[in-house]
1. Along segment 55-61, what does the Karplus equation 6.51 cos²θ - 1.76 cosθ + 1.60 (θ = phi - 60°) give for ³J(HN,Hα), rounded to whole Hz, x for Gly and Pro?
2. Which value, in Å², gives the accessible area per residue of the chain when a 1.4 Å probe is used on the protein heavy atoms?
3. Under 12 Å from the Cβ of LEU19, count the other residues' Cβ atoms, weight Lys and Arg +1, Asp and Glu -1, and hand me the total.
4. Among ASP25, ASP15, ASP54, which one shows the biggest mean-square fluctuation in a GNM of the chain, springs joining Cα atoms closer than 10 Å?
5. For the chain, treating each Cα as an identical point scatterer without solvent, what Debye log10 I(q)/I(0) comes out at q = 0.12, 0.21, 0.22 1/Å?
6. So how strong a dipole does the chain carry about its Cα centre when Lys and Arg Cβ are +1 and Asp and Glu Cβ are -1, to the nearest 20 debye?
7. Percent relative contact order of the chain, based on C-alpha pairs within less than 8 angstrom and at least six residues apart?
8. When the accessible area of the chain is split by element with a 1.4 Å probe, what percent falls to carbon and sulfur?
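The values are calculated or read from the model by the stated rules, or taken from the named source; none is laboratory data. Fair warning: this is a prediction, and the values are worked out from it, not measured in the lab. Cβ placement follows ideal geometry from the backbone for every residue including glycine, while neighbour counts extend to all protein chains displayed. We work out accessible area using only protein heavy atoms, side chains counted, and drop any ligands, DNA or RNA first. Shrake-Rupley method; radii C 1.70, N 1.55, O 1.52, S 1.80 Å.
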Amino acid sequence: MTPHVDLVIDLNTMDDSGLPWAFLDAAPDRSRIIPGTYILVGSGAVRAVASVVDIDGDIVHVRPL
């Protein structure tokens, strides 16, 4: 059984912040994406627990644990 993710993200994508990012609309339930919370992220077969660092407009930065 493949676990559901709270945010679909390629953990190899990083911007100037040095953190992985994704568009907010990649979250099946946007209400779970709150700075400071821990969520399950990933894409394909890759999964990780990550902390939501910030939301800047439509961009979400996470810090994988």
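1. Values, residue by residue: 10, 10, x, 9, 9, 10, 9 Hz.
2. I get 62 Å² per residue for the chain.
3. -3
4. Top of the fluctuation ranking is ASP15.
5. Relative scattering, expressed as log10 I(q)/I(0), comes to -0.23, -0.74, -0.82.
6. Dipole size: approximately 320 debye.
7. With pairs under 8 Å counted, the relative contact order is 31 percent.
8. 56
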